[in-house]
Amino acid sequence: MKKPHLVLGLSGGVDSAVSALLLRESYQVYCLWLDIGLGGGEDAAAMADWLGLPFEKKDIRRELEHFVCQPFVEDYLAGRTPLPCARCNPLVKFPALLQKAEELGGGYVATGHYARVTQGPEGRILLRKGQPANDQSYMLGRLTQSILRRTVFPLGGYEKVQVRALAAQRGVPVAHKPDSMEICFIPGGDYAAWLDARAQTPPPGDFVDREGRVLGRHKGIHHYTLGQGRGLGISGPHRYFVSDIDPARNTVTLSDGSDLSARRVFCTHPNWISIPGLEAPMEVTVRLRHSRTETPARLHPWKDGVALELAVPARAPTPGQLAVFYQEDIVVGSAWIEKEDGDTWS
């Protein structure tokens, strides 16, 4: 029987290399490197050559600018904290892979993410967590049914240490290559400098307390995020944390952090995965940041979004970040954090 086509996003790192090794046993694998204009394609091409697999580069700079980079700028200038990878996956990365799959006559796509997909009831495709040490389901929480239906995650049953061990055993040249932890389009990691270089960023302004008293000067609101306690340069009777960012007044409010906890969080633009929609309250656990921390919560329908009633107060739910909802290892869905408290859903 002829193997089905599969387009693999090949980065040149160990995860995608081992994914290729595993996938070629069941698929005709075609490697695609996504070019964002910062180089690095040589490593991916060399890896594809070592694997003996067809390889191509695809320029995604225009799509990345439209769907990720410009919204990233707009969020920071509005006092929000964006999550670019969660936007890129459903709007840029996976569509680029799927487009190539269509050019080859159909088939599947794959990446080296640590997550799983399975068939659920009534034909829905379920997104599930990967192994606990490396689970990346949070960043995939915006993927739609149409994308998940054609996606394979070969590393979902592995931990990273197992992947590196397998790579070393098979002689993969990048078996010990360090992982990249940076935002791909900001390779130096200094997002504030990147913003300054490409946008009309806000000028310095006042640090204020909850009563409006000036505590000092900030470097520009785009340098700060809700809950931040480092790099403020303000001394006082207690440690200070960012508790509010006001673009209209160009102020950053500092507090002792006691006002940062919230039991209710309001989110917009939900993406439902395991269910077609939320019609009644539902018990879930929720991740409000890209971490392993999950908080028991009850989901409520709220306007055109969802409201979270948290069993335990969460620290600094941040507008612009993603709330991902789980039932055990299944991703129920996700929504963008808009605000905390200050409203009701009744």
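Annotations
- The slack in the chain from residue 181 to residue 298, taken as 0.36 nm per residue of separation less the alpha-carbon distance, amounts to 38.9 nm.
- Relative contact order, whole percent, for segment 85-183 stands at 29, derived from Cα pairs under 8 Å and 6 or more residues apart.
- Evaluated at q = 0.09, 0.16 Å⁻¹: base-10 log I(q)/I(0), Debye formula over Cα of the chain: -0.55, -1.41
- Å² per residue, accessible surface of the chain at 1.4 Å: 47
- Taking 4 °C and 1.567 mPa s as conditions, segment 273-346 diffuses translationally at an estimated 104 µm²/s according to Stokes-Einstein applied to its Kirkwood radius (Cα pairs).
- Ranking 318, 34, 234 by Cα position along the charge dipole of the chain, where only Lys, Arg, Asp and Glu carry charges on their C-beta atoms, puts 34 farthest toward the positive end.
- Area of residue 85 that stays accessible when all protein chains are in place (1.4 Å probe, Å², to 10): 70
- Segment 110-149 and segment 1-52: distance between their alpha carbon centers, rounded to Å: 20
- Along the axis of the charge dipole computed for the chain (Cβ charges of +1 for Lys and Arg, -1 for Asp and Glu, origin at the Cα centre), the listed residues 69, 174, 330 are led at the positive end by 174.
- The chain: most fluctuating residue of 283, 182, 74 per GNM, C-alpha cutoff 10 Å: 182
- More than 22 angstrom apart: percent of Cα pairs within segment 156-248: 52
- When the chymotrypsin sites (Phe, Trp or Tyr not before Pro) in segment 252-346 are filtered for DSSP coil states and for at most 12 other beta-carbon atoms within 10 Å of their beta-carbon, no site remains.
- The chain, dipole about Cα centre (Lys/Arg Cβ +1, Asp/Glu Cβ -1), debye to the nearest 20: 560
- The residues neighbouring residue 284, those whose beta-carbon lies less than 12 Å from its own, together hold a net charge of -2 under the Lys/Arg +1, Asp/Glu -1 convention.
- Using C-alpha pairs under 8 Å with a sequence gap of at least 6, the mean separation divided by the residue count of the chain gives a relative contact order of 15 percent.
- Calculated log₁₀ intensity ratio I(q)/I(0) where the Debye formula runs over C-alpha points of segment 74-210, q = 0.11 Å⁻¹: -0.59
- Solvent exposure ordering (accessible area, 1.4 Å, most first) of 223, 300, 290: 290, 223, 300
- Heavy-atom surface analysis with a 1.4 Å probe gives segment 26-71 a carbon and sulfur content of 49 percent of its accessible area.
- Of 311, 297, 335, the one that fluctuates the most in a GNM where the chain has Cα springs shorter than 10 Å: 311
- Contact order normalised by residue count of segment 260-346, Cα under 8 Å, 6+ apart, percent: 41
The values are calculated or read from the model by the stated rules, or taken from the named source; none is laboratory data. Keep in mind it's a predicted model, so treat the numbers as computed, not measured. Every residue, glycine among them, receives a Cβ derived from its backbone with ideal geometry; neighbour counts consider all protein chains shown. All accessible areas refer to the heavy atoms of the entire protein, side chains included, with ligands and DNA or RNA removed. Shrake-Rupley method; radii C 1.70, N 1.55, O 1.52, S 1.80 Å.
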